[in-house]
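No value in this document is a laboratory result; all are computed from the given coordinates. A quick note: this is a predicted structure, and the numbers were derived from the prediction, not measured. Heads up, the Cβs are rebuilt from the backbone with ideal geometry, glycines too, and the neighbour counts pull from every protein chain shown.
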Amino acid sequence: MYDYIKNQDTDIFSALEGEEKREAEGIELIPSENYVSRAVREANGSVFTNKYSEGYPGKRYYGGQDYTDEVERIAIERAKELFNCKFANVQPLSGAPANVAMYFALMEPGDTVLGMDLSHGGHLTHGHPTTWINKIFNFVRYKMKDTETGEIDYEALREVALREKPKIILAGFSAYSRELDYAKFVEIAKEVGAYTVADMAHVAGLIAGGVLRNPFEDGFDVITTTTHKTLRGPRGGMILTRENEEIAKKIDKAVFPGLQGGPHMNVIAAKAVAFGEALTPAFKEYATQVLKNAKAMEAVFKKENIRMLGGGTDNHLILADVFGSLGVTGQEAETVLDAVGITLNKNMIADESRTAMDPSGIRFGTPAMTTRGMKEEEATRIAEIMIAAMREKDNEERLSVLKEEVKKLCLTFPVPESFV
Ligand SMILES: Cc1ncc(COP(=O)(O)O)c(C=O)c1O
C-alpha cells in the first residue's frame, strides 16, 4: 500500500502513515466512524475515479459507460435488497447532499419540515439556523417527552403537525439512543398529508443487519442515509424510496441535475462492494454484536451512576452527561480520553446549559470497536477505562497506565482487512 505516494509525495505519505498508526493504536468510539474492508478501499481508489458519467445507467451524457453502468446497477440492486424497497439512488456525494436533494424533491421553497429538535438529537441538515437550507424551508420541531426515558413526545408531535401542516415529517438523528415508533410517525403523517422520511445515516447498518426496525416496514416513503458509519462503506450518501415511482423520479431529478454533476463512480463501486458485504450472514453477526457491546458499556455507566440521555441505549451510541455526573466538561473528557488513546466527541445534551464548544456531554459508540472483533468483555473494560480516566484526569501517572492498557488492547485486536 502507498508504494507510489511514498516515492512521489513524502508530505502526504507521512500523513497517511500517521493516520494508519493512529487508527491502529487507538480505540475509535466516534459513533459515526468505522473501518472499511480492504476491498472497499480498493474500489474507492480504483480506475473509476477517472470517469465522467453524468446521468443514470443507460441514460448518460458521455460515452464509454459499459462498466460504470454495470457498477451503478449492481449498487442499486444490492441497496434495494438490503433495505427491502423498490428504488435506490446511490449517487448522493454524502449524507448532507442526500438530505438537500430529498428536500428539493419533495417540497417547494417555503414549505415546512417537522423534524427532531437539534438539541434533542437531530442533525445539522435538519434545519440548523446556520445552514442555507434553513433559509429556504421552514423547520418546526418535536422533542423527547422525557430525557430520562428518551421517549418522543408523540402527542406534541401530532399537535405541531396539525397546526403547521408540514410537507415532510422527518424521523432521524445523530445523537439519540432510543428506537423510534415509526408507525406513529406514519399515522400522524397520514392525518396531515405529509411525506414520511427517515434519515437513517447513523443506524443504516443496524437496519440492514436486521437488528433495528426498518422504517419501510411501517410504511415510510423515503429513507436518506450515509453509506459510511454503521453500514461500513465508503464516505457517501444514498436515497431509498419504498415503492412510489413518482417520488423516486423526483428524487433522481433532484440529485442530478438538480444538485450534483458527475457521480463519483469510484465511490459507487465501493458502495456496491460494501452492500455486498452487508448482505452476508457475517454482517448480521456484526450488527448484533454492535448492540451487545453498546449494552455492555451502558451497564458500566449505569453501575457508576453516570447519567445517560434517554436512560441508556437501544442502538450503537450513548450520550452521557459527564458534567452533571462527574463535574468534567465534554471538552475536558474529550481531551483526557484522547490522551489515553480513546477517541470520541464532546456533545450537547438536551436542554444544555453550557456552550457547543464546551458542552456537558460526550457521545460515543461501538461500530468501529466491534469491527475490530471486540466483544462485551472488551466493551466493559473500555467503559471502565473511560470513567477512570475522566475521574483521574489530573493524575498523569494513572493516565499513562491506562494509555498502555488501551494500546495493548488495540494490538490484540488489529483492524481486519476483510469481513467475508
Ligand atoms: C443523521 C445524519 N444525517 C446526515 C448526516 C450528514 O452526513 P455527511 O457528513 O456524510 O454529509 C449525518 C452525519 O453525521 C447524520 O448523522
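Rounded to the nearest 500, the 222 nm mean residue ellipticity of the chain from helices alone is -13500 deg cm²/dmol, with -39,500 (n - 2.57) taken per DSSP H run of at least 4 residues.
Summing Cβ point charges (Lys, Arg +1; Asp, Glu -1) relative to the Cα centre of the chain gives a dipole of roughly 620 debye. Compared with the alpha-carbon gap, the fully stretched path from Asn134 to Ile30 is longer by 34.8 nm at 0.36 nm per residue.
When each of Arg163, Arg213 is scored by the number of other beta-carbon atoms lying within 10 Å, the sequence from fewest to most is Arg163, Arg213.
Here is the size of segment 114-168 from its Cα atoms: Rg then Dmax, 11.6, 34 Å.
Distance between the 7 Å Cα→Cβ label points at Ile12 and Lys253: 3.9 nm.
Taking 0.36 nm per residue of sequence separation and removing the Cα-Cα distance, the Asn305/Asp394 pair yields an extension gain of 29.9 nm. If you look at the Cα atoms of segment 157-277, you get an Rg and a Dmax of 15.2, 45 Å.
Summarising the strand pairing of the chain, around 55 percent of its internal DSSP beta bridges are antiparallel. Considering only Ala15, Ala269, Ala198, the mean-square fluctuation computed in a Gaussian network model of the chain, springs between alpha carbons under 10 angstrom, is largest for Ala15. Note on the chain: GNM, Cα springs under 10 Å; of Pro367, Pro215, Pro109, the largest mean-square fluctuation is that of Pro109.
Rounded to the nearest 5, what is the percent of antiparallel bridges among the DSSP beta bridges in segment 41-278?
Once the DSSP bridges in segment 41-278 are tallied, antiparallel ones form about 40 percent.
Each Lys and Arg contributes +1 and each Asp and Glu -1, all at the Cβ; summed about the Cα centre of segment 17-85, the dipole is approximately 320 debye.
Over the Cα atoms of segment 41-278, the radius of gyration divided by the Kirkwood radius equals 0.97; this is the Rg/Rh ratio. Note on segment 41-278: with charges restricted to the Cβ of Lys and Arg (+1) and Asp and Glu (-1), its dipole about the Cα centre is near 540 debye. Using 0.36 nm per residue and subtracting the Cα-Cα separation, the extra length available between Ser353 and Ser119 on full extension is 83.1 nm. One way to sum up the overall shape of segment 286-412 is the equivalent ellipsoid from its Cα gyration tensor, whose semi-axes run 21, 19, 12 Å, largest first. For Lys135, list the lysines whose Cα falls under 21 Å from its own Cα; do not include residues on the same chain fewer than 8 positions away. Result set, ordered by chain and number: Lys165, Lys167.
Going through segment 1-96, which chymotrypsin sites (Phe, Trp or Tyr not before Pro) have at most 16 other Cβ atoms within 10 Å and a DSSP loop state? If you can, show how the numbers build up before the last one.
Working: sites: Tyr2, Tyr4, Phe13, Tyr35, Phe48, Tyr52, Tyr61, Tyr62, Tyr67, Phe83, Phe87; in loops: Tyr2, Tyr35, Tyr52, Tyr61, Tyr62.
Of the chymotrypsin sites (Phe, Trp or Tyr not before Pro), the ones in loops of segment 1-96 whose Cβ has at most 16 other Cβ atoms within 10 Å are Tyr2, Tyr52, Tyr61, Tyr62.
Could you please rank Met348, Met116, Met102, placing first whichever residue has the fewest other Cβ atoms within 10 Å of its Cβ?
Met348, Met116, Met102
What percent antiparallel are the DSSP beta bridges of segment 196-303, to the nearest 5? Taking every DSSP beta bridge within segment 196-303, about 60 percent pair in antiparallel fashion. Extending 7 Å from Cα along the Cβ direction at Lys184 and again at Glu155 yields two label points whose distance is 1.1 nm.
List nothing, just return the count: lysine pairs in segment 286-412, 8 or more apart or interchain, with Cα separation under 14 Å.
Working: Lys292/Lys375; Lys295/Lys303; Lys295/Lys375; Lys393/Lys403.
Lysine pairs satisfying the spacing and distance rule in segment 286-412 number 4.
Positive-end ranking of Gly311, Ala294, Ser325 along the dipole of segment 286-328, with charges on Cβ about the Cα centre, is headed by Ala294.
Each listed q (0.23 Å⁻¹) maps to a log10 I(q)/I(0) for segment 12-90 from the Debye sum over equal C-alpha point scatterers, namely -1.11. When the chain is treated as a GNM with alpha-carbon contacts under 10 Å, the residue of Glu148, Glu70, Glu17 showing the greatest mean-square fluctuation is Glu17. Classify segment 207-291 from the C-alpha gyration tensor, please: rounded if a/c falls under 1.5, else prolate or oblate depending on whether a/b exceeds b/c. It is oblate, given that a/c is not under 1.5 and a/b is not larger than b/c. Each of Ile27, Gly121, Met200 was scored by the projection of its Cα onto the charge dipole of the chain, and the greatest displacement toward the positive side belongs to Met200; charges sit on the C-beta of Lys, Arg, Asp and Glu.
A P(r) calculated from all alpha carbon pairs of the chain, with 20 Å bins opening at zero, reads 26, 57, 17, 0 percent.
Could you name the aspartates and glutamates in cross-link range of Lys21, using Cα to Cα under 14 Å and dropping any fewer than eight places away on the same chain? The qualifying aspartates and glutamates are none; the list is empty. Cross-link partners of Lys249 among aspartates and glutamates, defined as those whose alpha carbon lies under 15 angstrom from its own and excluding same-chain residues fewer than eight positions apart: Asp221.
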